[in-house]
Amino acid sequence: MDTLALILVIIGALNWGLISLFQFDLVASIFGGQDAFLSRVVYGLVAIAGVYSIKFLMERNNTRVKE
């Protein structure tokens with residue numbers, strides 16, 4: 001689950017980078033536009049993965065406190 005979350009977060013980060021640098025939304029272009037059902041699913045999964053990945057920060061902070 002951790003690996004999948006990181007992959008989705010990386011996809012989201014790369015997509016936002018493409019949007020900011022080139023005004024090109026890779027997810028939308030692959031899945032038929034921003035309003036397409038599959039694009040919205042991918043955006044949702046990336047968002048859930050981002051929220052899930054907060055646990056990595058919490059684990060890192062807990063490890064530092066124990067040391």
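Read-outs throughout are calculated quantities, based only on the coordinates presented, and are distinct from any laboratory measurement. Note that the coordinates shown come from a computational prediction; the quantities given were computed from them, not determined experimentally. Positions of Cβ are backbone-derived with ideal geometry, glycine not excepted, and every protein chain shown enters the neighbour counts.
The C-alpha atoms of the chain define a longest principal axis, and helix 37-66 lies at about 20 degrees to it.
With N set to the residue count of the chain, report its C-alpha Rg divided by 2.2 N^0.38 Å to two decimal places.
Numbers: Rg = 14.7 Å, N = 67, 2.2 N^0.38 = 10.9 Å.
That works out to 1.35 for the chain.
Computed from Cα positions, the angle between helix 2-22 and the longest principal axis of the chain comes to roughly 50 degrees. First measure r as the distance between the Cβ atoms of residue 29 and residue 7, then evaluate 1/(1 + (r/R0)^6) with R0 = 25 Å and state the FRET efficiency to the nearest 0.05. After rounding, the FRET efficiency stands at 0.85. Once C-alpha pairs closer than 8 Å and six or more residues apart are averaged by separation and normalised to the residue number of the chain, the relative contact order reads 36 percent.
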